[in-house]
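The values are calculated or read from the model by the stated rules, or taken from the named source; none is laboratory data. The shown structure was predicted, so the numbers you read here are calculated from the model rather than taken from an experiment. Every residue, glycine as well, gets a Cβ built from its backbone with ideal geometry; the counts of neighbours run over all protein chains shown. What goes into the accessible areas is simple: the full protein's heavy atoms, side chains included, and nothing from ligands, DNA or RNA. Shrake-Rupley method; radii C 1.70, N 1.55, O 1.52, S 1.80 Å.
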Amino acid sequence: MGRTAVTLSGWELDNPVIPASGTFGYGREFAAIYDINCLGTFSFKGTTRQPRFGNPTPRIAECPAGLINSVGLQNPGVDHVLAVELPQMAAYFHKKVIANVGGFSVEDYVEACRRLSQSEQVGLLEVNISCPNVEHGGMSFGVTPEAAGEVTRAVKAVSAKPVYVKLSPNVTDIVSIARACEEAGADGLSLINTLLGMRVDPRTRRPVIANRMGGYSGKGIFPVALRMVYQVYEAVSIPIIGMGGVSTAEDVIEMMLAGAAAVQVGTANLVDPLVCKNIVDDLPQVMDKYGIKELNDIIGGAHHG
Ligand code: SIN
């Protein structure tokens with residue numbers, strides 16, 4: 001049987017399968033239906049410096065190949081996460097986790113990252129500069145190399161853990177943003193976040209989502225995500241966590257061949273709560289099918305001919 005372990009900035013994961021932030025909460029509901037310690041790790045819901053109620057409802061619009069969300073970074077804030085969520089999580093998840101962090105100013109990111117990085121349960125920080133659902137923050141930091149570099153540099157200066165920056169696909173040139181983050185000291189990159197989209201209800205003739213637009217995710221975005229991972233892999237030498245429309249072990253292999261060192265699974269968790277367990281279970285036989293003995297060896301394989 002092949003070896004599924006992968007490494008992110010010195011942190012060895014048993015396998016590359018990571019539920020994505022915002023689709024897995026703090027893991028509690030999933031731990032009630034399977035032992036989530038089979039996962040590589042997971043990325044918990046984006047945490048901001050202050051608690052946030054999120055956007056008005058409706059926040060979700062279904063699409064044939066995925067969904068659009070405009071949650072608006074709803075979360076209980078960094079104090080609550082450190083005092084309540086992480087201690088509770090320790091009872092059912094015995095590995096380190098990824099702390100996804102959102103913000104509305106550089107100071108917000110710095111403060112939340114500084115504090116979360118001090119938790120022994122946090123393996124790395126995933127700095128979300130790509131949320132399309134909030135004004136004056138979120139994605140606005142991820143659409144220019146200058147702003148992306150500024151946040152990365154500031155967060156790196158205060159973080160005791162590796163800093164991975166989560167990039168937006170809603171840009172003309174994701175490679176220039178990726179390079180700016182690497183130059184500013186990022187230890188790795190996560191990509192892609194959701195694609196800005198919308199739906200209109202023909203009966204009401206109004207946008208389905210109260211905030212009008214939101215982030216499109218799910219199976220339909222897989223080829224776009226794969227293309228961006230492929231392009232960014234050629235431009236940087238830090239690890240990439242690939243995500244976007246992944247729902248099978250075959251998708252994981254494809255993402256890793258494009259350049260991902262580990263792979264997040266997002267919207268598929270909302271379709272089938274067992275999807276990540278099934279991917280972990282399926283990986284060894286899919287590796288056998290393609291003659292893969294060591295998963296680490298295939299990272300970026302599509303570039304090497
Ligand atoms: C949200 O909370 O609006 C989703 C987070 C994101 O898209 O980054």
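Points worth noting:
- The residues of the stretch 158-305 have, on average, 43 Å² of accessible surface per residue, using a 1.4 Å probe with all protein chains present.
- Radius 12 Å from Cβ of ASP282, net charge of other residues (Lys, Arg +1; Asp, Glu -1): -2
- Where the stretch 2-64 is the region considered: accessible area per residue in Å², 1.4 Å probe: 43 Å²
- Overall form of the stretch 1-120 per C-alpha gyration tensor (a/c, 1.5; a/b vs b/c): oblate
- Protection-proxy order for peptides 251-262, 67-78, each taking the mean of Cβ atoms within 10 Å per residue, highest first: 251-262, 67-78
- Accessible surface of the chain [probe 1.4 Å, protein heavy atoms]: carbon and sulfur percent: 53 percent
- For the options GLY137, GLY242, GLY291, a Gaussian network treatment of the chain with springs between C-alpha atoms closer than 10 Å singles out GLY291 as fluctuating the most.
- Separation of alpha-carbon centers, the stretch 230-304 and the stretch 154-188, rounded to whole Å: 21 Å
- Taking 21 Å as the limit for the C-alpha separation, the pairs LYS45/LYS96; LYS45/LYS161; LYS96/LYS166; LYS166/LYS289; LYS219/LYS289; LYS95/LYS161 exceed it in the case of LYS166/LYS289; LYS219/LYS289.
- Annotation: per residue accessible area for the stretch 82-126 equals 37 Å², rounded to a whole number [probe 1.4 Å, protein chains only].
- Prolate/oblate/rounded label for the stretch 129-183 (Cα gyration tensor, a/c 1.5): oblate
- Rounded to the nearest 20, the Cβ-based charge dipole of the stretch 1-157 about its Cα centre (Lys and Arg +1, Asp and Glu -1) stands at 120 debye.
- Each Cα pair under 8 Å and six or more residues apart adds its sequence gap; the mean of these over the residue count of the chain is a relative contact order of 20 percent.
- DSSP beta bridges fully contained in the chain are about 40 percent antiparallel.
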